[in-house]
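S.K.: Here it is, the structure in full.
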Amino acid sequence: MPEDYCDLCDLPLSTCVHGMPAPPPPQPAAPKAARAPRTVKPRVARTPAAPAAPTRRAPRKWTSPEELAPHIVGVLQHAGGELDAPDLFDALEARLGDDLLDGDRQLTPEGELRWRYAARRARQSLIRDGVMGKGAPGTWKLG
């Protein structure tokens, strides 16, 4: 049996887009199952719990500015309330002695000793709290 050819594109009707039957209409989607209503649990007032167990912390690597602040104030009080920064750092190092940790003697990325960096940060917080005042550049003084 000879195949019929399309008059528009000269292809067999079985492969021609003009001779192919239209695709069947899409099947309607099945209805979604109804969801069960969400149950909300009533809030329960919290009772005071037992104190939490202390969290474990890694051993400190260097001294914090908060720990250095009282030493800075002590050095300045002993010196009469005002010192040049190099003299203050020398007196502070002598006062702290072996209490400085190994990490305190390491350098920051900027090349400064970590304990001196912490001391400068402690100075900033002491100035903010009103314990120290801003003196001449390079001078630390009590407020």
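The values are calculated or read from the model by the stated rules, or taken from the named source; none is laboratory data. All values derive from a computational prediction rather than experimental measurement. Methodologically, a virtual Cβ is constructed for each residue, glycine included, from the backbone with ideal geometry; neighbour enumeration extends over all protein chains shown. These area figures cover heavy atoms from the full protein model, side chains too; ligands, DNA and RNA do not enter into them. Shrake-Rupley method; radii C 1.70, N 1.55, O 1.52, S 1.80 Å.
S.K.: For the chain, which whole percent of the accessible surface, found with a 1.4 angstrom probe, sits on carbon and sulfur atoms?
M.R.: 55 percent
S.K.: Largest first, how would Leu107, Leu101, Leu92 line up by accessible area (1.4 Å probe)?
M.R.: Values: Leu107 105, Leu101 50, Leu92 0 Å².
If we order Leu107, Leu101, Leu92 from most to least accessible, we get Leu107, Leu101, Leu92.
S.K.: Using just the helices of the chain, give the 222 nm mean residue ellipticity in deg cm²/dmol: DSSP H runs with n ≥ 4 each add -39,500 (n - 2.57), and the total is spread over all residues, rounded to 500.
M.R.: -9500 deg cm²/dmol
S.K.: Let me ask you something else. Quick one: which residues, 5 or more positions from Thr139 or on another chain, have an amide H under 5 Å from its amide H? H modelled 1.01 Å from N in the peptide plane, none for Pro or chain starts.
M.R.: Close amide H contacts, sequence-distant or interchain: Ala85.
S.K.: Applying 1/(1 + (r/R0)^6) with R0 = 22 Å to the Cβ-Cβ distance of Ala58 and Thr108, what FRET efficiency is obtained, to the nearest 0.05? Don't jump to the answer; show the numbers that get you there.
M.R.: Numbers: r = 19 Å, r/R0 = 0.88.
FRET efficiency, Ala58 to Thr108: 0.70.
S.K.: With the crude spin-label approximation of a point 7 Å out along Cα→Cβ, what separation in nm comes out for Ala136 versus Asp90?
M.R.: With each label point 7 Å from Cα toward Cβ, the separation is 1.8 nm.
S.K.: Tell me which lysines have Cα within less than 27 Å of Lys32's Cα, excluding those fewer than 8 residues away on the same chain?
M.R.: Lys41
S.K.: Using a simple spin-label model with points 7 Å from Cα along the Cα→Cβ vector, what separation in nm is obtained for Leu13 and Ala36?
M.R.: 5.8 nm
S.K.: Over the chain, calculate the relative contact order: mean separation of alpha carbon pairs under 8 Å at least 6 apart, over the residue count, as a percent. Present the calculation step by step, with values, prior to reporting the outcome.
M.R.: Numbers: 117 pairs, mean separation 29.5, N = 143.
The value is 21 percent.
S.K.: Something else about it: Using the charge dipole of the chain (Lys, Arg: +1 at Cβ; Asp, Glu: -1 at Cβ; taken about the Cα centre), state which of Leu101, Leu13, Leu76 has its Cα farthest towards the positive end.
M.R.: With unit charges placed on the Cβ atoms, the residue in question is Leu76.
S.K.: Follow-up. Above 21 angstrom, tally the Cα pairs of the chain and express them as a % of all pairs, no decimals.
M.R.: On the way: 6847 of 10153 pairs.
Pairs farther apart than 21 Å: 67 percent.
S.K.: For the chain, what does the accessible surface come to per residue with a 1.4 Å probe? Please give it in Å². Please list the in-between numbers first.
M.R.: Values: 11950 Å² over 143 residues.
Value for the chain: 84 Å² per residue.
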